[in-house]
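Below is one structure; the comments refer to it alone.
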Amino acid sequence: MRETLRTRLGWLHGWFGYGAGLVLTCIFATGSVAVFNMEITRWMQPEVRLSAPVPPSPPALDTAAHLVAAGQARGVSAFIALPSARSPTLDVLHYNGHEFVGTRLDPATGTVIPARVTAGGGLFYNFHHTLFLGPQAGTIIVNIAGMILLVAIISGVVIHLHELVPDIILLRLSAARLRAWLDAHLLMGMLFLPFMVMMAYTGVLVKADMIVPVAPRPAARSVQVPALPPAPMPDMTRVQLAPLLVQARASLAGQEPGFILSAPQRVSIFAGDASSAFLTRDHADFSLPEGRPLPVDTTATSIARTMQLMHGLHYARFAPPGLRWLYFLSGLCGTAVMASGLVLFVMKRRRHAGHRWAHRLADGLNVTVIAGLPAAMLAFLEGNRLLPASLTGREDWETRIFFTVWALCASHALFNALRAQAHHAWRVQLGLVGLLGTSLPVLDLLCSPAAFHALPGLHMAVDGTGSVAAIVALYARHRLGRQGA
């Protein structure tokens, strides 16, 4: 009975794990990078060289309010993002369907910083949450993959429970390839099991209403609804925002204001996401045009606080730099668990099914996800430096570079794998990752020397991460060459 259960769980772990693993590897990889989404956006806008945030001056806030009003006149719904440690500029942003883009201001003077438009780290953040398939369909797919991950973790623990201790203690990298891959998969899987469970559980929970609505949706009725007159346009230019920030800081119980939204007849100042581990949407409201305080909107129920904590733990916007790096490294190790599982799935079946087209297809998909995705991510960063700064629609061009390079890698991998030449695809694409990663610091220094000298820590972190990815890829390529096909 016990062996039957383990056999069935092994089938579940293998087939369900592989199908979801392709998606989860992409989700974990982009999610790990998205922990630094705002820092990546700063790197991709080298014209912004502010090193530390300063409180926004009244003239700067007035300039931002006028930009919001100008956007509203054009039908663009914008808001003001206040300076923070991770993004020291005063921003007027709007959502273009994928990312938040807009104008960056010097918070001290209110002058517009001529920063290039970029998709920035928002591309990785959006891909992590929606796979770039839209907030509805994409989020549902990501949630289903998260639930399958929880099932795969439980079944994997049950399968290997009887030999868990020796497999964790022994890491036999010099053993047979299959045994070495399995040891690495088990070791990383157990060491980072709490992190993966936490991220999968909180990720599913915070978007659970996309799959199971909290309330039934009313059926559509074919009735004619009279057209309502448009609400009066908000006008933040009729009130001084600087005194309101002082009042909001006092009203929000120590939470630092993060952004300012306007609505008809009122302006709302929201608590920043980095205020605490509880990601709230508490805000202080003021009437327009008087600036009179309205009742503070805070959520204090136990259920609401629990959900705020789930959001906070998953998004990690509260995390200081050290904890953010821990999230990043843990996410990469979680990615390695998924990737090694994909490789194991193919290796275990190569002897009996290596001649079948489905097995070769799986081999090509592994190359696409494990090597092609990092190549596309690095090409996206390099494209930011190579595209003209004044190019119209730059953020769309950067996004096209990411998906075009990934599509080319997928085509190359599948073409070679279906011809039983997956080994060649691995070597070529790992070499491409090595080339792009090693050239990233050089390109950054040549194209943006002033920004490199103004913010050396930021640029060395991004460039250094690309270089580390290159070293890992080239080492894997070297090992692959020694082992042969």
Given (1) modelled with pLDDT of 80 or more; (2) over 31 Å from the mean Cα position of the chain (by Cα), identify the lone condition not met by GLN224. (1)
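Here is a check on your reading of the model: is THR368 open to solvent by less than 20 Å² (accessible area, probe 1.4 Å), hydroxyl-bearing (Ser, Thr, Tyr) and modelled with pLDDT of 90 or more? Give the derivation first.
Values: open to solvent by less than 20 Å² (accessible area, probe 1.4 Å): yes; hydroxyl-bearing (Ser, Thr, Tyr): yes; modelled with pLDDT of 90 or more: yes.
So THR368 fits the description; yes.
Yes/no matrix, rows are residues, columns are (1) assigned to a helix (DSSP H, G or I); (2) touching a Leu at 6+ places or on another chain (Cβ under 6 Å); (3) surrounded by fewer than 16 Cβ atoms within 10 Å (Cβ to Cβ):
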| position | (1), (2), (3) |
| --- | --- |
| GLY134 | no, no, yes |
| GLY138 | yes, yes, no |
| ASN143 | yes, no, no |
| LEU149 | yes, yes, no |
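So which of PRO388, PRO374 is more than 25 Å from the chain's Cα centre (by Cα) and either without any contact (Cβ under 8 Å) to a residue 12 or more places away in the chain or buried (at least 23 other Cβ atoms within 10 Å of the Cβ) (or both)?
Numbers: PRO374 fails: more than 25 Å from the chain's Cα centre (by Cα).
Residue meeting the stated conditions: PRO388.
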Only one residue in ARG74, ARG42 is of a type in the set (Lys, Arg), at pLDDT below 90 and open to solvent by 20 Å² or more (accessible area, probe 1.4 Å). Which one? ARG74
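Pull up segment 314-356, narrow it to residues that are aromatic (Phe, Trp, Tyr) and part of a helix (DSSP H, G or I), then point me to the one that is modelled with the lowest pLDDT.
We begin by selecting, within segment 314-356, every residue aromatic (Phe, Trp, Tyr); these are 315, 318, 325, 327-328, 345.
The next check asks that each one be part of a helix (DSSP H, G or I); those that pass are 315, 325, 327-328, 345.
Values: TYR315: 92, TRP325: 96, TYR327: 96, PHE328: 97, PHE345: 87.
The residue in question is PHE345.
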Within the bounds of segment 460-479, is there any residue that is without any contact (Cβ under 8 Å) to a residue 12 or more places away in the chain and farther than 30 Å from PRO321 by Cβ? yes
Sort out which residues of segment 45-62 are surrounded by 22 or more Cβ atoms within 10 Å (Cβ to Cβ) and part of a helix (DSSP H, G or I), and write them in order of number. ALA60, LEU61
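Answer yes if at least one residue in segment 76-96 is in contact (Cβ under 8 Å) with a residue 60 or more places away in the chain, in a loop (DSSP other than H, G, I, E, B) and over 23 Å from PRO321 (Cα atoms), and no otherwise.
Yes.
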For segment 244-263, which residues satisfy the criterion of being open to solvent by less than 60 Å² (accessible area, probe 1.4 Å) and within 20 Å of ALA70 (Cβ to Cβ)? PHE259, ILE260, SER262, ALA263
Per the filter on segment 66-82, residues closer than 16 Å to PRO257 by Cα and more than 21 Å from the chain's Cα centre (by Cα) are PHE79, ILE80, LEU82
For segment 97-116: of the residues being touching a residue at least 24 places away in the same chain (Cβ under 8 Å) and over 22 Å from PRO56 (Cβ atoms), which is least open to solvent (accessible area, probe 1.4 Å)? GLU99
Please find, within segment 234-259, the residue that is modelled with the lowest pLDDT out of those that are more than 19 Å from ALA274 (Cβ to Cβ) and in contact with a strand residue (DSSP E or B) (Cβ under 9 Å, 6 or more places away or on another chain). PRO234
In this structure, does PHE270 turn out to be open to solvent by less than 40 Å² (accessible area, probe 1.4 Å), modelled with pLDDT of 90 or more and touching a strand residue (DSSP E or B) at 6+ places or on another chain (Cβ under 8 Å)? yes
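The values are calculated or read from the model by the stated rules, or taken from the named source; none is laboratory data. If you're wondering where the values come from, they're calculated on a predicted model, not measured in any experiment. Quick reminder, even Gly has a Cβ in these numbers, built from the backbone with ideal geometry, and neighbours come from all protein chains shown. What goes into the accessible areas is simple: the full protein's heavy atoms, side chains included, and nothing from ligands, DNA or RNA. Shrake-Rupley method; radii C 1.70, N 1.55, O 1.52, S 1.80 Å.
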